[in-house]
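Chemist: Just dropping this structure here.
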Amino acid sequence: MAEALGPEWALALREAASAFLLSRAVVWIAGVLAIVLFGWAESRGARLDPLWACRPTGTAGVDALVAPGCRWDSTWYLEIAGGGYSPTDPARSAFFPLYPLLVSVVSAPLGGALLPAGLLVSWSCALGFLTLLHHTVARARGAATASTVVKVAAYVPPAIFLSAVYTEALFLLLSLGALVAARRDRWMLAGILGAIGASCRSIGILIAIPLAVEYLWGRRGRGETRLVDRWWRPRHALRPDVLWIGLVPLGFLAYAAFLGVATGDPMGAVRAQGDWERHFLTPIGGLLAAVGVVVGRIGDLAGLWYMAPLAPGQVPALALTRDVVLLLFVGAALAVLWWGRGRVPVSWWIWGVVSLAYPLSVPSFQQPLMSLPRFTMACFPIVVMLGLWAHRGGAKRWRWLAPTLLGLQAAWAVLFVTWTWAP
């Protein structure tokens, strides 16, 4: 059946499926073994999943099989899919509606089973994203490079969320689709996909930035092109089709209008960030806050001062380890962005910068870099640049990088499943 897609798409689908299945095997084996070895972490599970959305059958063996795909924010998406938004629970408004809407729709023919529907939506979107990514990179760099890039995209530790009841896979598919459409001068499609993406995640509205960059400076095959002798001079002249980019904010505005009707607060998505202790800073401010937290925890351990852990019962040394890992992740992402400049389309590189700058700009009070690896993973360019770097090093580099990534992914799956950390 894959051959009916044509040889290029068939190859892309095979490579995507192979990378996805191998990495999901790692995630699932690690996650299920974690439950067998460490148990269900009943106290944390009861606090973070009081309705047992991630244990729908109450049978340990069956629920363990879905546990690697349902933890932490999964419970919010499942509750929204089943009950919608409510003025009595304003924290729900922080979670955008597209993904829970799809879960609700897909659950209908499944007898209302929300968790299987969520897994089906995420897995389908993940496979679609990896297939489109392979096809896009193969056209530009060749099938061998595309194969490495897709493997890296499936193997990086934050990719555990590709198969979880989270929005990552859906947003990756939409954002990549929008930028690929723009690259091919299909601005109506790019604007529509961008608008849909803006109803999926809070960062979605910012996809207008790389779309505008692509419109003005992208090396597209069609359209009037100017000779560029200064970076600030656009390569392309403006045409009426630039207005399609203006569709992107409509996704967020539609959600705001819906919240106004459902909860009486059209700005609930913005105000709900306070429920998660997030506030706005510049990217530099967020990074300095993260460094300050690390220094504070070091001083706490050294007995120089007291710094309360993020939640009751947390071990200060483990909290420090987590914050240092997150800070190292920022450093690695910056290094990849520096290496990748000029090696990917300028719009992709800008989208990678946005994917890092945005979460740095909205830090949490006590854990400034909370969920930053996942937020950055949800915008694909940094992963693509890492894949290009991996391929450039040849088989020698890939021999140690692949098992390292998969080993880290297994470790993240254990932390995720045991309610220890939402990476």
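Chemist: By how many nm would the segment from PHE365 to THR57 lengthen if fully extended, with 0.36 nm per residue of separation less the alpha-carbon distance?
Modeler: In short, 107.2 nm is gained.
Chemist: Hydropathy at least 1.6 by Kyte-Doolittle, axial extent at least 30 angstrom from the Cα trace: which helices of the chain, defined as entire DSSP H runs, fit?
Modeler: 316-340
Chemist: Let me ask something else. Expressed in nm to one decimal, what extension gain is obtained for the pair LEU281 and SER43 from 0.36 nm per residue of sequence separation less their Cα-Cα distance?
Modeler: 82.3 nm
Chemist: Counting only residues 5 or more places away or on other chains, whose amide H sits under 5 Å from the amide H of ALA378 once H atoms are built in the peptide plane?
Modeler: none
Chemist: Taking R0 as 35 Å, what FRET efficiency do you get between LEU253 and ALA395 from their Cβ-Cβ distance, rounded to the nearest 0.05?
Modeler: 0.10
Chemist: Given springs between every Cα pair under 10 Å in a Gaussian network model of the chain, which of ILE203, ILE245, ILE298 has the largest fluctuation?
Modeler: Of the options given, ILE298 has the highest mean-square fluctuation.
Chemist: Out of VAL325, VAL294, VAL150, any idea which swings most in a Gaussian network model of the chain, alpha carbons joined below 10 Å?
Modeler: Between VAL325, VAL294, VAL150, it is VAL325 that shows the largest mean-square fluctuation.
Chemist: Simple spin-label model, 7 Å along Cα-to-Cβ: ARG14 to ALA402 in nm?
Modeler: About 1.6 nm, to one decimal.
Chemist: So what is the calculated 222 nm ellipticity per residue for the chain, using -39500 (n - 2.57) for each DSSP H run with n of 4 or more, over all residues, to the nearest 500 deg cm²/dmol?
Modeler: That calculation yields -20500 deg cm²/dmol at 222 nm.
Chemist: Here's something else I'd like to know. Expressed as a whole percent, how much of the Cα-Cα distance distribution for the chain exceeds 41 Å?
Modeler: Every Cα pair in the chain considered, those over 41 Å come to 13 percent.
Chemist: May I pose another question? Provide the FRET efficiency to the nearest 0.05 for the MET188-ALA317 pair, computing r from the beta carbons and using R0 = 60 Å.
Modeler: With a Förster radius of 60 Å, E is 0.65.
Every number in this text was worked out from the coordinates using simple rules, so none of it is lab data. Since we're looking at a predicted model, the values are computed, not measured. Please note: Cβ atoms are built from the backbone with ideal geometry, for glycine as well, and neighbour counts cover all protein chains shown.
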